[in-house]
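What follows is calculated from the coordinates using simple rules that are stated; it is not laboratory data. Because the structure is a prediction, the values reported are computed rather than measured. Every residue, glycine among them, receives a Cβ derived from its backbone with ideal geometry; neighbour counts consider all protein chains shown.
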Amino acid sequence: MMATGLLLLAGSAAADPAWTTGKATVSGQLDYGIFTGDSPPGFDLNPYGIGLGVKGGYTLDASVYVGGAFDYFFGGSEEATGGEFNVNVWMLQGEVGYDLGLMPEGVLRPKLGLGLTSASSEACISFGGDERCESDSQSKFSLAPGVQFLYSLDSLFLTADARYNIVFTSDDEGDANGIVFGVGAGIPF
């Protein structure tokens, strides 16, 4: 049964060329990221949370997509006795994918993002009216396998995106891995 469904999907993909073929696209999206790494002891922070993203790229005649993405996540904050801790993440990645025409209006794009993920943190502690803050920022190589769906409305398209961002760190640094979901709209040209 499942094999029949996959064959029908493959046949449909072969029958309908992707509407993105030979076109550039630019889109903006609303993101939400879920932290899957280890928080510092005593904290339960999500450095991802709500975010905003932009994407742009071009689909070659062979249905290969080449582009880039930037996503900024507002992160989270947590108050502790005498202080506050804030953390957030941004991602800058090149993307490569393959556009499958599922129907005349719909394209499924399995893809892989490669680039940087930067995590920033700030800890502020109050001492008798004085506040002292320490901040830190680290950028690491990241890999983000995912899938994107694009639905054409002629001069506009809608998009939904899901990725797993893998951040390469050493064992003593913890990690900033996360699952990222996004919905948005864009224009082809």
What ranking of Ser120, Ser170 emerges when the number of other C-beta atoms within 10 Å of each C-beta is taken as an exposure proxy, fewest first? Ser170, Ser120
To make sure I understand, if each residue's beta carbon is the centre and we count other beta carbons within 10 Å, what order do Glu134, Glu105, Glu95 fall in, fewest to most? Glu134, Glu105, Glu95
Treating only the Cβ atoms of Lys and Arg (+1) and Asp and Glu (-1) as charged, compute the dipole magnitude of the chain about its Cα centre; round to the nearest 20 debye. 960 debye
Measure nothing but the geometry: give the 0 to 90° angle between the long axis through the Cα atoms of 2-15 and the longest principal axis through the Cα atoms of the chain, rounded to 10°. 70 degrees
Largest first and to the nearest Å, give the Cα extent of the chain along each principal axis. 70, 37, 24
Would you order Tyr72, Tyr65 from fewest to most other beta-carbon atoms within 10 Å of each residue's own beta-carbon? Tyr72, Tyr65
Just name one of Gly113, Ile187, Leu102: the one whose Cα is farthest towards the positive end of the charge dipole of the stretch 2-188 (beta-carbon charges, Lys/Arg +1, Asp/Glu -1). Leu102
